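This report concerns only the one structure given below.
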Amino acid sequence: MKRVYSSPLITIVENVKNVLELHGSRCIVRNQHLSTALGEIPPIECWPQLWVAEEDAERASQIIDTSFADNVSPQGNWICQKCKEKLEAQFTECWNCGTTRHKQ
Ligand SMILES: [Zn+2]
C-alpha cells in the first residue's frame with residue numbers, strides 16, 4: 001500500500017476516496033478516528049490518510065492532481081502547485097513563491 005493523500009479534514013479525505021473509487025482504485029482511509037479523538041487539528045502525521053495499492057498509486061496521484069489541485073476544500077482553499085503551500089480562497093497567487101493559482 002502507498003499513501004497518496006492526507007488532510008486534517010476527514011470529509012476531504014473521504015471525498016478524494018470517493019473520486020478514486022469512481023475511477024476504479026481500491027483505497028482505504030487510515031487515522032480516520034485518531035483526529036476526531038484529539039478534538040483539534042492534529043499534527044500532520046496523525047491526519048487522516050488515503051492509501052491505495054502500490055500499482056494504483058501513480059494513477060491515483062494523477063487523478064488527485066487533476067480533480068483537486070485547484071479546489072481541495074469546500075471553502076475554496078487551494079494548494080500551490082509549485083511549493084505546496086496551503087492558501088486561502090481569496091489569494092490568486094501564492095504568497096510564498098508567486099505561482100498563480102491557475103495551472104501553467
Ligand atoms: Zn508557492
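Mean projection of the alpha-carbon convex hull of region 2-68 over all orientations, in nm²?
4.0
What is the distance, in nm, between label points placed 7 Å from the Cα along the Cα-to-Cβ direction at Glu58 and at Gln90?
4.2
For Arg26, what residues show an amide H to amide H distance below 5 Å, using hydrogens built from the backbone and excluding near sequence neighbours?
Hits under the 5 Å cutoff: Ala53.
Ranked from highest to lowest mean number of other Cβ atoms within 10 Å per residue, what is the order of the peptides 60-66, 84-90?
Working: 60-66: 16.0, 84-90: 12.3.
Order by mean packing, descending: 60-66, 84-90.
What nm distance separates the two modelled labels at Thr66 and Met1, each placed 7 Å from Cα along Cα→Cβ?
Output for this residue pair reads 2.5 nm.
FYI, it's all coordinate maths here, none of it is from the lab. All values derive from a computational prediction rather than experimental measurement. Don't worry about glycine lacking a Cβ; one is built from the backbone with ideal geometry, like all the others, and counts go over all protein chains shown.
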